[in-house]
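The values are calculated or read from the model by the stated rules, or taken from the named source; none is laboratory data. Everything numeric here is computed off the predicted structure, so don't read it as measured data. Here the Cβ is made from the backbone with ideal geometry for all residues, glycine too, and neighbour counts use every protein chain on show.
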Amino acid sequence: MSSMKNIDRLYEEKDGKNKIEKGTLYIVSTPIGNLSDMTYRAVHVLSNVDFIAAEDTRNTPKLLMHYGIKKPLVSYFEHNKAQRGEQIAERLQNGESCALVTDAGTPAISDPGEDLVKLCRSLGIPTVPVPGACAAITALTVSGLFTAKFAFEGFLTTAKGDRKRLLQSIKHDTRTLIFYEAPHKLLDTLQDMLDNLGNRQIALCRELTKINEQVMNTTFSQAIEYYNENRPKGEFVIVVEGYKESDEDAFWADMTEQEHVSFYINGGMAKMDAIKAAAKDRKIPKGELYKKLL
Ligand code: SAM
């Protein structure tokens, strides 16, 4: 394949930094839909390691075929990860190099790759990242929500009680929250989020980088209405606006104006500053409060 030759040439010209090292685990990100989102380096690494550990040995061959890569594959997934992880680590310790890929996206993010990396690092086996597409970050970038601070929550547990506890524990997190969800669980998850987080702005990011890509800026309640009418299909990332303190649940909501000002005075503020701060919290002109309380 001529594109492969070009990629190899590109790497030959480099100063050896991209040389495949013996006894090393490469954590290789692959596309989350659009096969062109593969990096040159990912192709180079997959083409030159001794073997590839793949989460899905039916899916990965399609990707390898697309790039003309022929390499021995071993499966590494949720239900064989303990035993297979040991075997992979042993091969690495014997000097072979391995690329870890998952079904799609960045290995070790909400998939079993995490355990293999942990094992290798505990054994002193070098681990090298080969970054690329990650569904969570891809969704965040198109969400239109606050991106400077965010928290990745991955898949919510399906155990009802634990799920509720988790949602309650992050209810007051002001960062944007990112969740993964499967289509058949989407409606239940949106409902639980509405019940526990309150109605919020969200970006529902579906089938990113694929033909049916859709990014919907909506709210929990509107999304529930929509998906009650339209069966959810494809892969979803739910990006949720962080907590915004509303007047009803602000710390001063049950205080009188006088109590609110006293709260600041007791905290060490001068009376005038306390009035100014309370007026700002209550979104009322400070002159109004001065008149009432001075
Ligand atoms: N490790 C991968 C990553 O972070 O890129 C994610 C693996 S996780 C097992 C799979 C989940 O990622 C899906 O259930 C979905 O929530 C999300 N996902 C993967 N590809 C997606 C896509 N093209 N569009 C939207 N969500 C996607």
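Reported count of residues in the range 74-107, each being part of a loop (DSSP other than H, G, I, E, B), surrounded by 18 or more Cβ atoms within 10 Å (Cβ to Cβ) and within 11 Å of the ligand (Cβ to nearest atom), is 4. If you go through the range 130-145 and keep only what is surrounded by 14 or more Cβ atoms within 10 Å (Cβ to Cβ) and away from the ligand (no atom under 13 Å from the Cβ), you end up with 130, 145. For the range 188-229, give me each residue that is touching a residue at least 40 places away in the same chain (Cβ under 8 Å) and more than 20 Å from residue 242 (Cα to Cα). Matches in the range 188-229: 207, 208, 209, 210, 213, 227, 228. The numbered conditions (1) more than 24 Å from residue 244 (Cα to Cα); (2) out of contact with any helix residue (DSSP H, G or I) (no Cβ under 9 Å at 6 or more places or on another chain); (3) in a helix (DSSP H, G or I) are all true for residue 259 except (1). Just wondering, is there one or more residues in the range 161-179 that are surrounded by fewer than 18 Cβ atoms within 10 Å (Cβ to Cβ), farther than 17 Å from residue 110 by Cβ, among the hydrophobic types (A, V, I, L, M, F, W, C) and free of Cβ contacts under 8 Å to residues at least 60 places away in the same chain? The answer is no; no qualifying residue exists.
One line per residue, one yes/no per condition, for (1) of a type in the set (S, T, N, Q); (2) modelled with pLDDT of 95 or more:
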position: 202; (1), (2): no, yes
position: 209; (1), (2): yes, yes
position: 238; (1), (2): no, yes
position: 252; (1), (2): no, no
position: 270; (1), (2): no, no
position: 280; (1), (2): no, no
position: 286; (1), (2): no, no
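Is it true that some residue in the range 189-199 is touching a strand residue (DSSP E or B) at 6+ places or on another chain (Cβ under 6 Å), closer than 27 Å to residue 104 by Cβ, surrounded by 14 or more Cβ atoms within 10 Å (Cβ to Cβ) and not assigned by TED's automatic domain parsing to the domain that holds residue 37? For the range 189-199, residues touching a strand residue (DSSP E or B) at 6+ places or on another chain (Cβ under 6 Å), closer than 27 Å to residue 104 by Cβ, surrounded by 14 or more Cβ atoms within 10 Å (Cβ to Cβ) and not assigned by TED's automatic domain parsing to the domain that holds residue 37: present.
Just to be sure before I move on: is residue 231 farther than 22 Å from residue 142 by Cα, charged (D, E, K, R) and within 23 Å of the chain's Cα centre (by Cα) in the structure I sent? Against the criterion (farther than 22 Å from residue 142 by Cα, charged (D, E, K, R) and within 23 Å of the chain's Cα centre (by Cα)), residue 231 does not qualify.
The set of residues from the range 278-293 being among the charged types (D, E, K, R) and within 45 Å of the chain's Cα centre (by Cα) comprises 280, 281, 282, 283, 286. Within the range 232-245, one or more residues are of a type in the set (Phe, Trp, Tyr), within 11 Å of the ligand (Cβ to nearest atom) and surrounded by 12 or more Cβ atoms within 10 Å (Cβ to Cβ).
Would you point out the residue of the range 202-222, among those that are out of contact with any Asp or Glu (no Cβ under 9 Å at 6 or more places or on another chain) and within 15 Å of the ligand (Cβ to nearest atom), that is farthest from residue 143 (Cα to Cα)? Only one residue tops the list, namely 211.
Within the range 3-53, being assigned to a loop (DSSP other than H, G, I, E, B), within 16 Å of the ligand (Cβ to nearest atom) and either modelled with pLDDT under 90 or farther than 21 Å from residue 126 by Cβ (or both) holds for 31, 32, 33, 34, 38. Within the range 124-145, the set of residues being in a helix (DSSP H, G or I) and of a type in the set (Ser, Thr, Tyr) comprises 138, 141, 143.
Residues satisfying the criterion are absent from the range 273-292 (criterion: outside any helix (DSSP H, G or I), surrounded by 16 or more Cβ atoms within 10 Å (Cβ to Cβ) and on the phi < 0 side of the Ramachandran plot).
If you go through the range 146-192 and keep only what is within 12 Å of the ligand (Cβ to nearest atom) and either assigned to a loop (DSSP other than H, G, I, E, B) or among the small types (Gly, Ala, Ser) (or both), you end up with 154, 156, 182.
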